[in-house]
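S.K.: Input: one structure, supplied below.
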Amino acid sequence: MQIDPWGSSAYQDYARLRTEFGIAPFGQPEWSAFRDPHPLFRRNVVFGHRDFERVADAVKGHDPWSVMTGFMPSGDLHLGHKMVLEQVIAHQREGADLHLALADFEAMAARGFTAEKAHRIALDQYVHNALALGLQPERAEFYFQTRRTRVQALAHRFAEKVNWSQLAALYGFTGSTSMAHALAPLIQAADILHPQTDAEGPRPILVPVGVDQDPHIRLTRDIASDWRLLSVQEHKEGGLAIYVKPDEGVKALLDLAESVLRDLGYGETKRNEGYKEVRVRAGGKNDLRRIDLALARAEAKSAGGLGLVRPSATFHRFQTGLTGGKMSSSKPETSIYLTEDPKTAEKKLKASVTGGKQTAEEQRRLGAEPDKCPVYELYLYHLAKDDSHLAEVHDTCKSGARLCGGCKGEAATLLLSWMKAHKEKRDQVAHLVPSIVSAN
Ligand code: TRP
Ligand code: SF4
């Protein structure tokens, strides 16, 4: 099985995705790191993660951490996009600073868009709607890939250690894949990693994305490791070992590793110049992450390395389209756009497939299937503010007390009032759009 970030498959078997790709489950032990966990966490919409523990460490230790994600401006924003923005905004409230890429290079390379079209969509849809959803301009920036030379330069460096076989295996690229398309993952890796090269330096970075982006996450995590001068691993005889990766300047790097360990308070260490390693007798996963971050900072500060910490990611489920298949921006009938005419939105909602029975009589008798219903998903992802309301929809649907007509009516009322309020918020924040988009 292969995940294609540019394809149109609907990923539905999330358990299988997790086992096949080694994505860890995201549940209460993870989200309880946050003061005010977003409903998307509690409702298991965010279902998996990689290395979230690093972020949890930072949240609990009041250390700096950042959120980095990106958006390909390939069409109007629909409800499926809204949830990532909401997650990002929730993280901002928890203290993360935000770095948000507007992937114009990718829209041009993968969708054949002109730069003008990509920019128009990016500003009017992504930036403007994000502000209306509550994104605060402080400690947040959007930037265009085409304007950020730091990202481009980093992508070029990263390309030194990535070869064609790797990209072909990860993405199914072939001889006829355009080079612009082949560059998209390198640009994305640079998007994800570049915040760590700013003045704040190496730190945990959380990348909230749909699971279709996992190949990029895996590639980026490998790139981060490939560029490290010092790495820390569990040793097969127990404890941890710090390795020097380059063959030059080994002595100075071992000195650096030892001084990092000393500063962290690890008393008993053993240096083996021949193996280019320093060993720490005791230590588990928590020590490993703590040492890794300190090594990254030290190598960036005083050994001329990039000191990139492997990024963490969370993965969210995809909302089912109103027609039952994938929610897609290229098929307007499958979704509701944040800025579309409310009458059109209402019509689409009323025409949606459901988990209901053929007749009202049958549904009263046997109940319906909320877990197979896109309308229920609207409540789950967007419309039910509190969990008790959601539970009520679920239970009354299952028992047969709720019928689809009335249920859609209730959803439409909630949706339309949300859309009206959103439009007003858009008007209120319109003036902020230019100020949150970085000039470079
Ligand atoms: N490829 C992403 C998409 O198709 C957009 C993207 C670009 C991105 N750079 C990123 C996502 C960095 C996460 C992190 O939507
Ligand atoms: Fe879906 Fe509502 Fe019908 Fe249940 S009652 S199947 S949630 S539309």
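The values are calculated or read from the model by the stated rules, or taken from the named source; none is laboratory data. Here the structure is a predicted model, which means the values were calculated and not measured. Cβ: placed from backbone, ideal geometry, glycine included. Neighbour counts: every protein chain shown.
S.K.: Based on this model, can you work out whether Ala313 counts as among the small types (Gly, Ala, Ser), outside any helix (DSSP H, G or I), without any contact (Cβ under 8 Å) to a residue 40 or more places away in the chain and in contact with a helix residue (DSSP H, G or I) (Cβ under 6 Å, 6 or more places away or on another chain)? Spell out how you get there, then give the answer.
M.R.: Numbers: among the small types (Gly, Ala, Ser): yes; outside any helix (DSSP H, G or I): yes; without any contact (Cβ under 8 Å) to a residue 40 or more places away in the chain: no; in contact with a helix residue (DSSP H, G or I) (Cβ under 6 Å, 6 or more places away or on another chain): yes.
No, not satisfied.
S.K.: Take the residues in the stretch 222-260 that are in a helix (DSSP H, G or I) and among the small types (Gly, Ala, Ser); name whichever of them is surrounded by the most Cβ atoms within 10 Å (Cβ to Cβ).
M.R.: So, considering only residues that are in a helix (DSSP H, G or I) and among the small types (Gly, Ala, Ser), the one surrounded by the most Cβ atoms within 10 Å (Cβ to Cβ) is Ala257.
S.K.: Further question on the same structure: Looking only at the stretch 402-423, count every residue that is in contact (Cβ under 8 Å) with a residue 24 or more places away in the chain and of a type in the set (Asp, Glu) and tell me the total.
M.R.: Of the residues in that region, 0 qualify.
S.K.: If you don't mind, another one. Could you list all residues from the stretch 1-44 that are of a type in the set (A, V, I, L, M, F, W, C) and within 23 Å of Lys372 (Cα to Cα)?
M.R.: Passing the criteria: Ala10, Ala15, Leu17, Phe26, Leu40, Phe41.
S.K.: Of the residues Ser312, Ser352, Ser328, only one is touching a strand residue (DSSP E or B) at 6+ places or on another chain (Cβ under 8 Å) and surrounded by 17 or more Cβ atoms within 10 Å (Cβ to Cβ); which?
M.R.: Going through Ser312, Ser352, Ser328 in turn, just one is touching a strand residue (DSSP E or B) at 6+ places or on another chain (Cβ under 8 Å) and surrounded by 17 or more Cβ atoms within 10 Å (Cβ to Cβ): Ser312.
S.K.: Just give me the residues in the stretch 379-389 being crowded, with 21+ Cβ neighbours inside 10 Å and either within 9 Å of ligand 2 (Cβ to nearest atom) or assigned to a loop (DSSP other than H, G, I, E, B) (or both), in sequence order.
M.R.: Scanning the stretch 379-389 gives Tyr379, Ala384.
S.K.: I'm told Ile121 meets every condition in (1) among the hydrophobic types (A, V, I, L, M, F, W, C); (2) within 16 Å of ligand 1 (Cβ to nearest atom); (3) closer than 23 Å to Ala313 by Cβ except one. Can you identify the failing condition by its number?
M.R.: Looking at each condition in turn, Ile121 falls short on (3).
S.K.: Run Asp263 past the list (1) closer than 27 Å to Val162 by Cβ; (2) surrounded by fewer than 22 Cβ atoms within 10 Å (Cβ to Cβ); (3) in contact (Cβ under 8 Å) with a residue 12 or more places away in the chain; (4) within 34 Å of the chain's Cα centre (by Cα) and report the number of the one that doesn't hold.
M.R.: (1)
S.K.: For the stretch 1-33, give me each residue that is at pLDDT 95 or above, more than 16 Å from ligand 1 (Cβ to nearest atom) and surrounded by 14 or more Cβ atoms within 10 Å (Cβ to Cβ).
M.R.: Across the stretch 1-33, the qualifying residues are Ala24, Phe26, Gly27, Glu30, Trp31, Ala33.
S.K.: Go through (1) touching a Pro at 6+ places or on another chain (Cβ under 9 Å); (2) crowded, with 18+ Cβ neighbours inside 10 Å; (3) at positive phi one by one and return the number of the condition Gly367 breaks.
M.R.: It is condition (1) that Gly367 fails.
S.K.: Could you list, ordered by first residue, the pairs with Cβ atoms under 7 Å in which the first is in the stretch 57-73 and under 15 Å from Leu206 (Cβ atoms) and more than 16 Å from ligand 1 (Cβ to nearest atom) and the second is at pLDDT 95 or above and in a helix (DSSP H, G or I), at least 6 apart or interchain?
M.R.: From the stretch 57-73, the pairs are Asp57/Arg289; Pro64/Ala58.
S.K.: Now a separate question. Test Leu288 against the stated conditions and say whether it is farther than 24 Å from Arg157 by Cβ, in contact with a Lys or Arg (Cβ under 6 Å, 6 or more places away or on another chain), outside the structural domain of Gly356 (by TED's automatic domain parsing) and in contact (Cβ under 8 Å) with a residue 12 or more places away in the chain. Quick ask: steps written out before the conclusion?
M.R.: Values: farther than 24 Å from Arg157 by Cβ: yes; in contact with a Lys or Arg (Cβ under 6 Å, 6 or more places away or on another chain): no; outside the structural domain of Gly356 (by TED's automatic domain parsing): yes; in contact (Cβ under 8 Å) with a residue 12 or more places away in the chain: yes.
It is false that Leu288 is farther than 24 Å from Arg157 by Cβ, in contact with a Lys or Arg (Cβ under 6 Å, 6 or more places away or on another chain), outside the structural domain of Gly356 (by TED's automatic domain parsing) and in contact (Cβ under 8 Å) with a residue 12 or more places away in the chain.
S.K.: Let me ask another. Would you mention how many residues in the stretch 403-421 are within 12 Å of ligand 2 (Cβ to nearest atom) and in a helix (DSSP H, G or I)?
M.R.: 9
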